[in-house]
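Here's the structure we're looking at; comments come further down.
The values are calculated or read from the model by the stated rules, or taken from the named source; none is laboratory data. Bear in mind the structure is a predicted one, so any value in this text is a computation, not a measurement. With ideal geometry, Cβ positions are generated from the backbone for all residues, glycine too; neighbour counts draw on all protein chains shown. Side chains included, ligands, DNA and RNA excluded: accessible areas come from the protein's heavy atoms. Shrake-Rupley method; radii C 1.70, N 1.55, O 1.52, S 1.80 Å.
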Amino acid sequence: MSAQKTTPGGALAAFLGLIGFSVVAGVLVTAMVTPALAVASTTANNTVGIFEDLPDYLDFGQLSQRNTLWATQGGQPVAFAQVFDQNREEVTWDNVSQFAKDAAVAGEDERFYTHGGVDMAGIARAALNNVTSSSTQGASTLTQQLVKNLLIADALNESDPDVRSQKIAEAQANSLDRKLKEAKLAIGLEKRYTKQEILLGYLNIAGYGGNTYGIESAAQQYYSTSAKDLTLAQAASLVAIVQSPNTRKPDSPDNWAANQSRRDAILGNMLTQKLVDQAQYDEAIATPVNETTVHVSVPQQGCQNATAAAHFCSYVVNNIDKLEALGANAEERRANWKIGGYDIYTSIDLDQQSLAEQTLARYTPANETRFQLGSAISTIQVGTGRIVVMAQNKGFNSTDTADATQTSVNFNTDASNGSSTGFQPGSTYKLFTLVNWLQNGHGLNEFVDGSPRTYSLPAKCSDVVPNLFRNDGNTNFGRINVLRATAQSVNAAFANMASQLDLCDIRDTAVSMGMHRADGGELKTNPTMILGTDEVAPLSVANAYATVASGGILCQPIAVDKVVDASGAELVGQSQDCSQAITPDVAAAAATALQGVMNGGTGNAANPRDGTPLIGKTGTADAVHTFLAAASTRLATAAWIGNIVGTQDLRRITVGGVNGGRLRFPIMREVLTSLDASALGADAAAFPTASRALLTGTTQAVPNVAGQSPDNARVLIESLGLSYSLGGTVASELPAGQVASTDPGAGSLVSRGSQITVSTSDGTLSTTVPNVVGESQADAVRALNAAGFDAARYTYTYVESSPENVCDVTSVSPAAGGTAAKSAAITLTVNGGVLGAAAPRCT
C-alpha cells in the first residue's frame, strides 16, 4: 500500500478510479471463481475479454541473483568475487526473520492471509480515504505487488534495451488495464501458490533501492547482517524502503528521518495486529535510524571489487559464453549468467596468487613513472591445463577512474580474453626450433655453427629472405653442440639449425604446442620468428613449456573446476582438453636440453635450488621485453617484465636497485620457491632422459682429408652425405694446393647435410730439402738455413770414415729433393773420421 499527499480534485479522481476498479475487479473475481455465472452478463463479457491473452498465473521462475566466484586458499574454497546483474540472493523461508515476514504483512497488506489476491475491503477503504483525507492510499496487495515485480524482473532480463524499457513501462503503467491484468494474475497466483510461498517470493523479489533486490541483500547492504538475523527494528526499517526506495533507503543520512517515520508506522501496525508485544515494540521504537544503527556494506559487485585475483576474475567472466554448464550455446549461456545464482569454483590458488602479486609489486612497482613498466606471471598445472596463478603488477580497474597504477588490460592473456595484444617472447620461442630439430631426427650432441652469419632460411609457405643472425653481445661461439647452444641461448646456432629445417614446419610445431598470436593473427614465418618476434601472451608461453613437462601432452588452459547452480545442483566445469602434441621421446629430449638452461645456463639465476628438477628458457626482445619460462613436472610458469608501451631499454635502467634486464630472475626464483613447496608443486618427479637416438641424432664424423687433393676430398665428403664447400688457402706445411684443413675439423660429429668447408695449403710453411750430400757440414747447414729450415731442429749423426773425408755429409733426412715443413726435424749423417777418436770439429 502507498500513501501520498493529493489535491481535492485529485482525490475525487482517485475515488472514481478506485470505484470503477472495484466494480470491474468484482466482476473479475466472479469470473475467476464462478465463470459460468459471470459470463451471463454483457458487462462481464466485455471485462473478461481484456484477459483473453493473459495466462492464468505467473511462474515465480528464477530471479536474477548474484554469481559468486570461488578460489582455493589454505586448501579450502573461499569466495573472492561477486558478479551480478541484480544484487539479489534468494533465501528460503527458514532463513528469513519472522520479524521481516510480519513487518511485510503489517506494512503492506494487513489482510494478506484472508484475501484471495485482490483485497476488496482494502479498495473500499482506500477509496473512502482518498476522498476524506489529504493523502491517497493504494490498495495493491502483496500478491499484486509480487505480480508487478515479477513482470519487472522479466523485463530486466531482456537483452534488447528498447524491449526492456517498454516492458518495464507496461508493468508500471498507471492505467486501469494494467491494474486489472495485475489483479487477474494475482488471483491466479493465489490459486497456484500457498501464502507462505507468495510472501517469501515477495520478500525475495522486492526492490530495496538502487540495484539491491530481496530481503537478504538488503539486510547485508544496510545493516551488515543476514535476513535470518534481522532485529525487529531492522526488519521494519527494510520494509519501510519498498514504497519509496530513493527517499527511504538508509544508506544516506538524508533518508534516515523518512525511513524512521515509515518504520515507526509499520511497528505501530505490528503492535495493533498483535504481531509483537508491547516490550518488543517499545525497544524497537526507541531504536534510532542513524549512524549508530545503520551499518552499510557496499555490494562488492564485479571484478573491480574482487577481494583478490581481479584480472583472473575478468578472464573467467570473459569466457562465460564458453562455459558449457551454463547452456547449449553462447547466447543461452550469457542469458543464464545474467539471471545468475551460480557458484563458479575456479582453479586459482589464492595463496600462490598473493605471493606472485606481492613479488611483482615489490620488484616491478605499479607506480614506476620513468617508463610504463609492466609485469605478469602465469602458472599452469602440468597435465591438466588448470590456471593456478594469473598475476600482474597493475591493479584492475575497468572504469574511467583508473589511474596509472591500474588497468583493465590483462597482460597474461589474449586480446579476446583481456584486451592485451601480447609481447615478443624472445628466445623462449627457440623451444619450437629445438622441438622441430628433434622431430626431424637430429640430436642434442650434434654440432652446429654458432658464428654470426647470414642465412636464407627455408620456408615452403613463404618467401625466403636473407637475414644476418648475431649473438647477444656479438659473441662468436664457433662450433657448438645443440645442448650447449640451448643452455647459452646462441642465436646463430639456432639459425644454423633452422637452415636445416623449414620455418613453416617450425611455425606448425609452435601451433601444435598451443602457441598463437595474442591478437588472433597467424604466427609469422619470416627468418626472425625463430628468435621470438611474434607477440604472444605469457599464458601461452607457460602452456607451451607445460606441454614439454607433461611428456608432450598439450592441455588447453582452463579456469573453472565446477559450477553449482541456484538450486544447488553440481554441474561440470571446463572439461580438460588434452592431446598428444609431440612424442614423449621428443619431449624428453627437449627437457634434457632445457634443464641445462636452469643449471648453469642463462636461467641459472632463477633456480631456487630447492631440489625440484626444472626446465626453462630465457627470452629477451631487444631489451624492451624480457621473458622467463620454467617448469617442473607439476607446474609451468612464465614471467614477463617489459614495456607496456614504449621502448625503454631494460638493460639501461635499474628498478629498486636491480638492473631491469635481470628483474625476472629474483621474481621467478621467489615464485618458484613458493610453488615448489605448495601442495600443487611438491614432490615433482625427475624429467625422463633423452634417448640415445635423440642425443646423437643422424650424425656423421667429418673425415680426415688433409694432404689430399681437393677433388679427392670432395668425393669422400659427399659420399658421406655431407655438403662440400671449397674455402680459401691457409698457411700450411703441406704442399701448395693440397687440403690443409676442414671446418668442422676431422672427427667432429655433424648433422647429415652439414656443410664442410675445405681449405687448401698455400705452401708457405713448406720447402724443398736441398741436396747437401758431399757438402761439408758447415756448407750443408748454410744451405738448409737458406731453404728456411730451423737450425734448432737439426740433428747430427757421425759415422767412421777416412781422415780425408772428415765432416762431409753422407746423407740427409728428409731426403734431398723432397718437400718438407720448414719446422721439420732434419737429420744429417756426417763422416766422423777414425772410430774411437775424438769427435771432429765440423762446425
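Descriptive notes on the structure:
- Averaged per residue, region 704-750 has 51 square angstrom of accessible surface, using a 1.4 angstrom probe with ligands and nucleic acids left out.
- Note on the chain: Rg/Rh from C-alpha atoms, Kirkwood Rh, equals 1.30.
- Here's the picture: charge each Lys and Arg Cβ at +1 and each Asp and Glu Cβ at -1 in the chain, and of ALA786, ALA593, SER723 the one pushed furthest to the positive end of that dipole is ALA786.
- Spatial separation of Cα centroids for region 268-330 and region 792-843, in angstrom: 114
- Whole-Hz couplings from phi, Karplus 6.51/-1.76/1.60, listed for region 615-628; x for Gly and Pro: 10, x, 6, 8, x, 9, 10, 6, 6, 8, 10, 10, 10, 8
- Dipole of the chain [Lys/Arg +1, Asp/Glu -1 at C-beta], most positive-end residue of ALA356, CYS555, THR827: THR827
- Listed residues LEU185, VAL812, ASN476: farthest to the positive end of the dipole of the chain (Cβ charges): VAL812
- If you bin all the Cα-Cα distances of region 495-569 at 10 Å, starting from zero, the percentages per bin are 17, 40, 25, 10, 5, 3, 0.
- ARG793 - accessible surface, heavy atoms, 1.4 Å probe, Å² rounded to 10: 110
- Degrees between helix 161-172 axis and first principal axis of the chain (Cα, 0 to 90, nearest 10): 20
- Seen from LYS562, the other residues with C-beta closer than 15 Å to its C-beta sum to a net charge of -4, counting Lys and Arg as +1 and Asp and Glu as -1.
- Taking a ≥ b ≥ c as the square roots of the eigenvalues of the alpha carbon gyration tensor, region 559-603 is oblate, as a/c is not under 1.5 and a/b does not beat b/c.
- Accessible-area rank, largest first, for HIS115, HIS516: HIS516, HIS115, with all protein chains present and a 1.4 angstrom probe.
- The residues GLU331, GLU733, GLU182, sorted by heavy-atom accessible surface at 1.4 Å with ligands and nucleic acids left out, run GLU331, GLU733, GLU182 from largest to smallest.
- Global geometry of region 346-418, whether rounded, prolate or oblate, following the gyration tensor of its Cα atoms and the 1.5 cut on a/c: prolate
- Over all pairs of different C-alpha atoms in region 410-519, the reciprocal of the mean inverse distance, the Kirkwood hydrodynamic radius, equals 14.9 Å.
- The charge dipole of the chain, taken about the Cα centre with unit charges on the Cβ atoms of Lys, Arg (+1) and Asp, Glu (-1), comes to about 660 debye, rounded to the nearest 20.
- Cα-based shape type of region 191-291, given that a ≥ b ≥ c are square roots of the gyration tensor eigenvalues and the cut on a/c is 1.5: oblate
- Placed amide H near ARG479: partners under 5 Å, 5+ positions off or other chain: GLY450
- Long-range amide H partners of ILE348 with built H, under 5 Å: THR72
- Rounded to the nearest 20 debye, the dipole size of region 713-821 about its Cα centre is 540 debye, using +1 on the Cβ of Lys and Arg and -1 on the Cβ of Asp and Glu.
- Cross-link pairs beyond the 26 Å C-alpha cut-off, checked among LYS148/LYS195; LYS181/LYS274; LYS101/LYS191; LYS228/LYS322: LYS181/LYS274; LYS228/LYS322
- Against the chain, whose longest principal axis is taken from its Cα atoms, helix 232-241 shows a tilt of about 90°.
- Neighbour net charge for ALA581 - beta-carbon separation under 15 angstrom, K R +1, D E -1: -3
- Under 18 Å of direct C-alpha separation, and excluding same-chain neighbours fewer than eight residues apart, LYS524 reaches these lysines: LYS430, LYS460.
- Counting charges near HIS115 (Lys, Arg +1; Asp, Glu -1) among other residues having Cβ under 12 Å from its Cβ returns a value of -2.
- In this structure, ALA815 and ALA792 have a Cβ-Cβ separation that, at R0 = 25 Å, corresponds to a calculated FRET efficiency of about 0.75.
- Probe 1.4 Å, accessible area per residue of region 345-440, Å²: 31
- Computed in the context of the full set of protein chains, the accessible area of the chain at 1.4 Å probe radius has 50% of its extent on carbon or sulfur.
- Helix 8-33 vs. the chain, principal-axis angle (Cα, 0 to 90°, nearest 10): 80
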